[in-house]
Amino acid sequence: MADDGVRHRIDQLRETIDRWSYEYYVLDQPSATDDEYDAVFRELRELEAAHPELITPDSPSQRAGAKADTPFGKVEHPVAMLSLSNVYNEEELRAWKTRAERFAGGSELSFVVEPKIDGLAVAITYVDGRFVRGATRGDGFVGEDISANLRTIRTIPLRLYGEAPPEIEVRGEIYLPKRDFELLNEGILEQRGTPFMNPRNAAAGSLRQLDARITRSRPLRLITYGIGYVNGARAPRTHFEGLQLLRSVGFVASPAAERCATVEAVWAVCQRWLEQRNEFDFEIDGVVIKVDDVRLQEEIGWVAREPRWATAYKFPAIQKVTTLEAIEINVGRTGTLNPLAHLTPVNIGGVMVRRATLHNEDEIARKDLRIGDTVVVQRAGDVIPQIVMAMVDRRTGNEIPFVMPENCPVCGSPTVREEGEAMRYCTNSACPAQLKEHLHHFVARTAMDIDGMGSKLTDRFVDLGWIDDIADVFTLDWEAVAQLEGLGEKSAANLSAAAEASKSRPLARVVNALGIRHVGERTAQLLVDRFGSVEAMMAASEAEISAIGGIGSVVAASIASFFADERNQAVIAKLQTAGVRMAEERQERANGANLTGMTIVLTGRFEQYTRPQAEELLRQAGASVTGSVSKKTTLVIAGEDAGSKADRARELGIRIASEADLVRLLNGETLD
């Protein structure tokens with residue numbers, strides 16, 4: 001079992017990652033480099049791997065990320081564009097293969113291995129062979145409509161060749177060839193502009209142009225790596241066949257893809273491409289490994305936002321030497337004091353690294369890091385910086401040992417570190433820094449989605465003393481807001497309208513916005529599916545919450561503790577008074593289906609519904625839908641080619657139903 005220090009560290013990492021993701025993807029105002037983000041993400045992965053009981057569905061590690069907020073329109077992906085887990089050596093690759101085999105019910109696996117192109121992922125939809133829409137990955141569920149820009153890229157066919165399915169979504173990576181990237185930067189420098197840092201940034205920047213003519217002037221290309229979905233025809237049964245289909249209808253599809261029958265063969269390909277990475281005309285930062293059989297992919301499944309049937313081998317770390325200039329302390333939403341290293345900027349693998357996480361004071365002491373030290377910094381592939389060591393032999397005697405502050409750097413309150421804990425905390429629960437972080441989460445796109453109310457503005461409201469808790473967002477004096485420099489009446493009116501509109505957000509968004517530890521979008525939806533209102537959640541016991549499929553004991557304890565806290569109850573009361581939705585307005589199904597309290601797992605392929613359609617219909621009827629079979633599962637619905645989940649249900653004595661039974665349930669009938 002993990003101690004409280006590990007729990008606090010994991011919570012702090014999740015909060016940091018969520019904030020950085022929001023700043024980078026939503027606000028387009030990153031406060032952390034790619035390297036810093038990936039280093040924190042790597043530590044979270046390691047801690048969760050060591051303490052799997054602390055993994056929650058809403059963890060950033062499950063998560064693929066954050067939502068788009070640009071002048072481009074939004075596009076919902078019918079099938080989520082999931083991110084990939086990473087492995088860094090042969091041992092981790094073998095461990096991934098063993099896990100995949102276990103979820104495949106012991107089936108023998110074969111693999112497809114492809115170079116991991118360092119570009120921008122897109123999804124392109126064709127109907128009756130014609131290009132109809134193209135979108136970025138976004139947060140994996142909702143991306144940006146960049147159809148006009150994609151149409152300008154010559155490697156993207158506007159009409160498919162051969163026998164294309166009636167509807168197909170093609171997925172691939174937009175990139176710039178290395179030589180074209182160099183020529184592009186040379187042209188920018190001739191015009192006295194700022195060159196792009198690397199080909200990936202150049203590709204992303206080119207696709208985010210509001211003027212498609214600019215995109216057209218850039219030598220962008222597409223390499224496809226898979227199929228999102230097929231309608232009106234049978235989808236390929238293997239991933240490799242899918243690549244062949246893509247090539248047959250007019251795409252460049254993973255030109256170096258290879259089939260491998262064993263993990264030993266996979267590793268040999270990884271090492272070969274590591275040695276030959278510079279021979280490709282595009283940047284690669286690793287190798288993608290996928291289970292070839294599509295039916296087994298479905299059985300192996302995914303963990304929230306990450307497929308279990310695929311992973312990426314990331315190339316070894318690149319190390320550089322620089323100077324540790326300063327150590328800054330940031331205060332997290334739960335009061336954690338988080339040290340951050342400021343470095344003399346150094347270019348590592350095409351990324352300018354300026355900062356690195358230092359985790360906690362024990363980490364600083366273990367590495368004996370001092371301000372002014374010459375340090376070795378590394379990033380692995382596109383994964384980011386961590387300070388490996390101080391170069392002690394280069395010390396001059398002027399280096400300064402670092403001591404964690406005894407008082408909060410924001411509010412001045414005493415700090416404390418309990419015995420056995422890794423983190424030091426500010427003791428003031430009303431600390432403005434904590435409130436600011438909480439507000440950043442509350443107004444975010446995945447929560448209340450208050451358009452225009454970004455972190456800089458909410459920080460300003462806190463500094464002015466206008467907000468003491470999250471509910472105060474709805475009682476702001478908008479006339480006073482209009483008088484603030486840089487705003488005005490129109491901006492204040494827009495903010496007021498956005499705040500008012502947010503009151504009607506779906507209840508799951510409201511629950512996520514409350515900032516309950518370990519509760520994100522997925523867990524919030526499970527709570528809403530089960531209880532239907534915040535009042536019912538507050539009245540629920542820890543045992544009742546823990547009984548929900550997909551919610552473990554640690555998360556249940558956190559939820560129960562949150563709702564039992566009088567301060568949280570007071571904030572919820574203020575939100576209710578302000579008119580924020582506190583209960584789900586369930587639409588009564590005409591057929592009377594009521595599956596409240598049931599935990600259902602879907603497996604196999606269905607004829608009448610897509611998997612997402614079936615899940616949504618079950619949720620509308622009140623059921624909780626989870627991805628794995630456990631003792632909490634009420635029913636497993638098995639379609640064609642059902643595999644290990646059905647086997648697991650038989651082992652546990654859980655009833656297995658058919659697609660016909662699913663239709664009966666949704667029609668309000670009971671199963672015999």
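Nothing in this text is a laboratory measurement; each read-out follows from the coordinates by a stated rule. It should be emphasised that the depicted structure is a prediction, and the values quoted were computed from it without experimental measurement. Reconstructed Cβ throughout: ideal geometry from the backbone, glycine too, with neighbour counts over all protein chains shown.
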(Q) Could you tell me the relative contact order of region 520-586? Use alpha-carbon pairs under 8 Å, at least six residues apart, and round to a whole percent. (A) 36
**Q.** In order through region 504-509: 3J(HN,Hα) via Karplus (6.51 cos²θ - 1.76 cosθ + 1.60), integer Hz, x for Gly, Pro
**A.** 9, 4, x, 4, 4, 5
Q | Pairwise label distance in nanometres, Val663 with Ser504, each label 7 Å out on the Cα-Cβ vector | A | 3.6
Q: For region 429-502, just say rounded, prolate or oblate: build the C-alpha gyration tensor, square-root its eigenvalues into a ≥ b ≥ c, call rounded for a/c under 1.5, and beyond that prolate if a/b exceeds b/c, oblate if not.
A: oblate
Q: Using a cut-off of 12 Å between beta-carbons, work out the net charge of the residues near Asp672 (Lys and Arg +1, Asp and Glu -1, Asp672 not included).
A: 0
**Q.** 10 Å beta-carbon shell around Gly639, net charge (K/R +1, D/E -1)
**A.** -3
Q | Residues of region 355-373 with amide N under 11 Å of a point placed 7 Å along Cα→Cβ from Val392 | A | 367-369
**Q.** Sites Glu163 and Ser630, calculated FRET efficiency, Cβ-Cβ separation with R0 56 Å, nearest 0.05
**A.** 0.85
Q. For Leu464, Leu439, what ranking results if the residue with the fewest other Cβ atoms within 10 Å of its Cβ goes first?
A. Leu464, Leu439
Q | Cβ-based net charge around Ala499, under 12 Å, with every Lys or Arg adding one and every Asp or Glu removing one | A | -2
Q: Assign one of three labels to region 74-314, namely rounded, prolate or oblate, based on the Cα gyration tensor with a ≥ b ≥ c the square roots of its eigenvalues; rounded applies when a/c is under 1.5, prolate when it is not and a/b is larger than b/c, and oblate otherwise.
A: oblate
Q | Where GluC sites (Glu not before Pro) fall in DSSP loop in region 436-512, at most 10 other Cβ within 10 Å | A | Glu485
Q) What is the distance in Å between the Cα centres of region 401-439 and region 299-373? A) 21
Q.
Can you tell me how the chain classifies by the Cα gyration tensor, rounded, prolate or oblate, using a/c under 1.5 as the rounded cut?
A. rounded
Q) Taking other Cβ within 10 Å of each residue's Cβ, how do His342, His440 sort, fewest first? A) His342, His440
**Q.** region 599-666 - share of DSSP beta bridges that are antiparallel (%, nearest 5)
**A.** 10
Q.
Compute the distance from the alpha-carbon center of region 595-630 to that of region 642-657, in whole Å.
A. 15
(Q) Please compute the contact order of the chain in relative form: average sequence separation of alpha-carbon pairs under 8 Å and at least six residues apart, divided by the residue count, as a percent. (A) 13
Q | region 129-152 and region 528-552: distance between their alpha carbon centers, rounded to Å | A | 38
